[in-house]
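These notes are about the structure you will find just below.
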There are 2 protein chains.
Amino acid sequence: MSILVVGSVAFDDVTSPSGSVKNILGGAATYFALAASYFAKVRVVGVVGEDFGPQQESVFQQHAIDTRGLEHAKGKTFRWGGSYVDNLNEAKTDYTDLNVFETFQPRIPQEYEDSEFLFLANIQPTLQADVRRHMSRVRLTGCDTMNYWINRTPGELAETLKLVDVLLINDTETKMLAHQTNLPRAAQKVLAMGPKALVIKHGEYGATIFFREGAFGIGRHPFRAPALPIEEVKDPTGAGDSFAGGFMGYVASQKELNREVLKRALFYGGVMGSFAVERFGTERLQSLTREEIDARFQIFRELTHLE
Amino acid sequence: MSILVVGSVAFDDVTSPSGSVKNILGGAATYFALAASYFAKVRVVGVVGEDFGPQQESVFQQHAIDTRGLEHAKGKTFRWGGSYVDNLNEAKTDYTDLNVFETFQPRIPQEYEDSEFLFLANIQPTLQADVRRHMSRVRLTGCDTMNYWINRTPGELAETLKLVDVLLINDTETKMLAHQTNLPRAAQKVLAMGPKALVIKHGEYGATIFFREGAFGIGRHPFRAPALPIEEVKDPTGAGDSFAGGFMGYVASQKELNREVLKRALFYGGVMGSFAVERFGTERLQSLTREEIDARFQIFRELTHLE
């Protein structure tokens, strides 16, 4: 089954306690697409500039990611610089140069219209809603957002949330969106805004999925997947998007959508996030095998499994 | 099997978003003893003042907790006031009146000397070490500490850590003790200081147990237990001590000490911690049944269990 992801493709400069890298391929859509590519056919809609060349293109090609929806515009690709010096859990943004991304208007190639799964990475909520409405045949839509849109465009975001099935955000974003510091209560408030399910990413503590009553025809009890305690965190950039890629990718690879599939998807999300942070940028996500992924899935399962 | 706990018995004033209470029974040894009493026979060593009367005594009696080691001294019982106004995860201490606790010297009644399990709640590390050396017949010693001792008496604490089997502390304390911000690496450094196992309590995210190579004759892979997302957190005071009580209590209730027992103990720790925070003070811990405890254990198990 095919997943369409709409979001940023970028060049990043990253500094962490493990070192510094410059001009590496990044962006939410890139991390998502690479992570999901181990499970399903992935199609990308985004925009890049003239500095995006065959070297970057080949990263997508090697994972059979369809880039016909990647618009090549005049100018430079979106650039982001961030550092994790004091806190590996939160990036300090050094600069953001939107460049060609500033005027990004997602255009969906006709060949993409039969996509059955859709992931709206973190972009302006109205653009997310437009894409969702355009993709009338999708079976399941996942969505990300961030504090910027939660604070600046709450009305637009509320409209988008009515159109998505699964919202994937972190603890802070959930509390901010719900104006509520108790996480399970915040989750209920967010679910009341539209999504059938809410995946809250807890970083090194894993993730929890909360369900709206009756959603997907399954019980509303939450489910939690742990994360692996990782000794070597080189670069946390893209962990959340890689999580989303693993989650959506696994869902897309399954015939049915039931509670057990969503539970496993949450584990696979954690698995892909944990791989992403082991190397700078997308390096680790580029070189995985499905065997390595499933081996780590088993480790995650063992991590909390009682006989 | 019997567990001896050495630690504080106190009167607390607590303010949280759910309200305020004054003069309620608290203290690490109290929370620990009540939580552990659902699993094993518990004995307490501590000190109280003249304001500790039959009403407080009856709380222990009703759970068949042996208080022959509770010294009654001239003066007032230890008093603590704290509030959780902005942050339910961390208390702001309003005041600490050590009172009779200031000169506390643990005295172990002869009847306690056959205790097979020992829990050293958060007191001065040298006192912990003295008790541990005195109790030569214990099979397993658990230990807590806090930032105050980690920073002020690191040498004394290091001596104590050589004598304990399981150290139960939180994320911040682990990082502080190891001078290391990466949690799994910090865990390895702490294990190198002496304990066979380290239980790191993550609050609402559960807990992880790390093992020293070869400890208890089991593998060194860590194990993680989730916590239940709780909508109603009235008073987080004592959650960590209740966790320790559930953990140690379950271990003491089992014939063997193996990996599966320690895993289940971690779940029972989380269960008791989750009950403790539902009401102010020890109210919820006073009124539980083993059926309620096991029902919540099953919910915790389901929370992360893959078919």
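The values are calculated or read from the model by the stated rules, or taken from the named source; none is laboratory data. Quick caveat: nothing in here was measured; it's all calculated off a predicted structure. Neighbour counts are summed over all protein chains in view; Cβ atoms, including those assigned to glycine, are modelled from backbone coordinates with ideal geometry. Heavy atoms of the whole protein, side chains included, go into the accessibility calculation; ligands, DNA and RNA do not. Shrake-Rupley method; radii C 1.70, N 1.55, O 1.52, S 1.80 Å.
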Exercise. Can you give the accessible area buried between chains B and A, summed over both chains, with a 1.4 Å probe, in Å² to the nearest 100?
Worked result: 3100 Å²
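Decide, for chain B, between rounded, prolate and oblate: order the square roots of the alpha carbon gyration tensor eigenvalues as a ≥ b ≥ c, take rounded if a/c falls under 1.5, and otherwise choose prolate if a/b is larger than b/c, else oblate.
Working: a/c = 1.30, a/b = 1.15, b/c = 1.13.
It comes out rounded by the Cα gyration axes.
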Exercise. How big is the convex hull of the Cα atoms of region B:221-295, per residue, in Å³?
Worked result: 90 Å³
Problem set entry | Using θ = phi - 60° and Karplus 6.51 cos²θ - 1.76 cosθ + 1.60, couplings along region B:193-200 (whole Hz; Gly, Pro as x) | 7, x, x, 6, 9, 10, 9, 9
Exercise. With respect to the cross-link table entries A:K255/B:K234; A:K201/B:K234; B:K189/B:K263; A:K263/B:K255; A:K175/B:K189; A:K189/A:K234, which display a Cα-Cα separation exceeding 32 Å?
Worked result: A:K255/B:K234; A:K263/B:K255; A:K175/B:K189; A:K189/A:K234
Exercise. So which residues of region A:202-216 lose at least 30 Å² of accessible area, probe 1.4 Å, when you go from the chain by itself to every protein chain present?
Worked result: A:E204, A:Y205
For this session: Provide the per-residue ³J(HN,Hα) series for region B:175-190, in order, calculated from phi with Karplus coefficients 6.51, -1.76, 1.60 and θ = phi - 60°, each as a whole number of Hz, with x at glycine and proline positions.
Result: 5, 5, 5, 8, 6, 7, 8, 7, 5, x, 5, 4, 4, 4, 5, 5
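Averaged over its residues, how many other protein chain Cβ atoms are within 10 Å of peptide B:223-232's Cβ atoms?
6
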Exercise. Is region B:23-175 rounded, prolate or oblate when judged by the Cα gyration tensor, a ≥ b ≥ c being the square roots of its eigenvalues, rounded requiring a/c under 1.5 and prolate requiring a/b larger than b/c?
Worked result: rounded
Exercise. With the solvent-accessible surface defined on protein heavy atoms using a 1.4 Å probe, which residues belonging to region B:277-307 display a reduction of at least 40 Å² in accessible area in the multichain context relative to the isolated chain?
Worked result: B:L303, B:T304, B:H305, B:L306, B:E307
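Counting only heavy atoms of the protein chains, get the accessible area per residue of chain A (1.4 Å probe) and round it to a whole Å² value.
39 Å²
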Problem set entry | Relative contact order %, chain A, counting alpha carbon pairs below 8 Å whose residues are six or more apart | 18 percent
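Rg to Rh ratio, the protein assembly as shown, alpha-carbon atoms and Kirkwood radius?
When Rh is taken as the Kirkwood radius, the ratio is 1.02.
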Exercise. Excluding B:K162 itself, what net charge comes from residues whose Cβ is under 12 Å from its Cβ, given Lys and Arg +1 and Asp and Glu -1?
Worked result: 0
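Report the relative contact order of region B:1-145, percent, no decimals, based on alpha-carbon pairs under 8 angstrom and at least 6 residues apart.
Relative contact order for region B:1-145 comes out at 27 percent.
Of the heavy-atom accessible surface of chain B (probe 1.4 angstrom), what whole percent is carbon and sulfur? Walk me through the numbers before you get to the answer.
Details: 5760 of 12050 Å².
C and S fraction of accessible area: 48 percent.
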Problem set entry | Whole-Å distance, taken between Cα centres, linking region A:121-184 and region B:182-204 | 37 Å
Exercise. So how far, in whole Å, is the C-alpha centre of region B:284-298 from the one of region B:15-86?
Worked result: 20 Å
Problem set entry | Summed side-chain charge close to B:I123 - residues other than B:I123 whose Cβ falls under 11 Å, Lys, Arg +1, Asp, Glu -1 | -2
For this session: Sum up the charges of everything whose Cβ sits under 12 Å from the Cβ of A:W149, counting Lys and Arg as +1 and Asp and Glu as -1, but leave A:W149 out.
Result: -3
For this session: Assign one of three labels to region B:136-251, namely rounded, prolate or oblate, based on the Cα gyration tensor with a ≥ b ≥ c the square roots of its eigenvalues; rounded applies when a/c is under 1.5, prolate when it is not and a/b is larger than b/c, and oblate otherwise.
Result: rounded
